[in-house]
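Visitor: Handing you this structure, nothing more for now.
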Amino acid sequence: MSPAGRIASLLPSATEIVYALGLGDRVVGVSHSCDHPPEIRAQPRLTRPRFALDGRSSGEIDAAVRQALREFGSVYEVDAERLAAVRPDLLLTQGVCEVCAVPTRDAETAAAGLDSCPTVLALDAHDVAGVLDTIRLVGRAGGVPERADRYVLEIERRIASVRARIEDQPEPRVLALEWLDPPFVPGQWVPEMVALAGGKRAPRSRGTTFVSRCVGGSGRPGPGRPARNALRLRSRRGARRRTSLRRVALCRGATRYPLQARLRR
């Protein structure tokens, strides 16, 4: 396969990888969610959600997502006309999460109708090693595999540096939430990232997506009990119940960090 010359990304992390590998001049369009690096803001937007997000609470967005899945089978739609106009030869998407970005099946359907016949490359990471592998995949597709290998080695060096700095340090108890109403406890690579940074994480959650369910009673952990004991973790296959973040009690004195993950050069 010849290196991609015109890249369309339907996934924010894929867009950041492309730019991190020095391929930004080949980008011809991005998703509605892509916002980094700043220069992509002028790029054509190739996707859109099926409902308006502005002014909605977490609970209202969750309800709208469920409704969109019932009615359309997807949360986002691809702008087929705009995608055809930018004539990509590589289309980047994902297959990990049906509601986080355009899924692989929808990207393949959109690509099938294009005269440019783009290759659809799905980045399906489930742990940190998988995330690093997606960088290598994009590097190969863009004809810069050595550059991708160097970038991965630099990330691995930084991870090792962090591990060395926290060795023999106290382990903070960490409760990670990726959604507020209802509270969602992340799986995939997030628990592993918490562990790599020296935190204690919920057991057996690596590589699996979990949601939370309130425990009966007050659910308030005592000062010496881990905050994660306020939740009973269930897989997506299990029963789910809407609850307010106010029902999730954090230990007194806990520090809260709102995060948005980014690749950095």
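All of the numbers you see were taken from the coordinates with simple rules; none came from a lab. These numbers come from a predicted model, not from an experiment. Positions of Cβ are generated from backbone atoms using ideal geometry, with glycine treated the same way; all protein chains shown enter the neighbour counts.
Visitor: Over the stretch 20-155, what is the relative contact order in percent, taking alpha-carbon pairs closer than 8 angstrom and at least six residues apart? If you can, show how the numbers build up before the last one.
Guide: Working: 160 pairs, mean separation 25.5, N = 136.
After rounding, I find 19 percent.
Visitor: Something else now. Grab the beta carbon distance between D149 and D35, set R0 = 25 Å, and tell me the FRET efficiency rounded to 0.05. Please list the in-between numbers first.
Guide: Details: r = 27 Å, r/R0 = 1.10.
Result of the calculation: an efficiency of 0.35.
Visitor: Can you list residues whose amide H is under 5 Å from S33's amide H, if they're 5+ apart or on another chain and H is modeled 1.01 Å from N?
Guide: When sequence neighbours closer than 5 places are left aside, there are no close amide H contacts.
Visitor: Taking θ as phi - 60°, what are the ³J(HN,Hα) couplings along the stretch 176-185 by the Karplus curve (6.51, -1.76, 1.60), each to the nearest whole Hz, with x for Gly and Pro?
Guide: 9, 10, 9, 8, 9, 9, x, x, 10, 9
Visitor: Report the extension gain between V162 and D54 in nm, rounded to one decimal, defined as 0.36 nm multiplied by the number of residues separating them, less their alpha carbon distance. Before the final figure, lay out each step's value.
Guide: Details: separation 108, 0.36 × 108 = 38.88 nm, distance 3.77 nm.
Computed gain between V162 and D54 is 35.1 nm.
Visitor: Further, regarding this structure: Can you compute the modelled spin-label distance between C97 and L196, with each label point 7 Å from Cα toward Cβ, in nm?
Guide: 1.7 nm
Visitor: Kindly write out, for the stretch 111-120 in residue order, the coupling ³J(HN,Hα) from the Karplus curve 6.51 cos²θ - 1.76 cosθ + 1.60 (θ = phi - 60°), rounded to whole Hz, with x marking Gly and Pro.
Guide: Result, ordered by residue: 5, 4, x, 9, 5, 6, 6, x, 6, 9 Hz.
Visitor: For the stretch 7-152, give me the percentage of DSSP beta bridges that are antiparallel, rounded to the nearest 5 percent. Don't jump to the answer; show the numbers that get you there.
Guide: Values: 3 of 14 bridges.
So the antiparallel bridges in the stretch 7-152 amount to around 20 percent.
Visitor: For the stretch 44-54, what does the Karplus curve 6.51 cos²θ - 1.76 cosθ + 1.60, with θ = phi - 60°, yield as ³J(HN,Hα) per residue in whole Hz, taken in order and with x for Gly and Pro?
Guide: Whole-Hz 3J(HN,Hα) from phi for the stretch 44-54: x, 8, 9, 9, 7, x, 7, 8, 6, 9, 4.
Visitor: Would you mind pulling out the separation of the Cα centroids of the stretch 136-194 and the stretch 4-77, in Å?
Guide: 21 Å
Visitor: By how many nm would the segment from Q67 to R87 grow when fully extended, if each residue of separation counts as 0.36 nm and the alpha-carbon distance is taken off? Write out the running numbers ahead of the final one.
Guide: On the way: separation 20, 0.36 × 20 = 7.20 nm, distance 3.22 nm.
Full extension from Q67 to R87 adds 4.0 nm.
Visitor: Another question, if that's okay. Give the order of E154, E77 when sorted by the count of other beta carbons within 10 angstrom, beginning with the fewest.
Guide: E154, E77
Visitor: So for I155, I40, I7, I135, fewest C-beta neighbours within 10 Å to most, what's the order? It would help to have the intermediate numbers written out before the result.
Guide: Working: I155 16, I40 21, I7 27, I135 24.
Fewest-to-most Cβ neighbours within 10 Å comes out as I155, I40, I135, I7.
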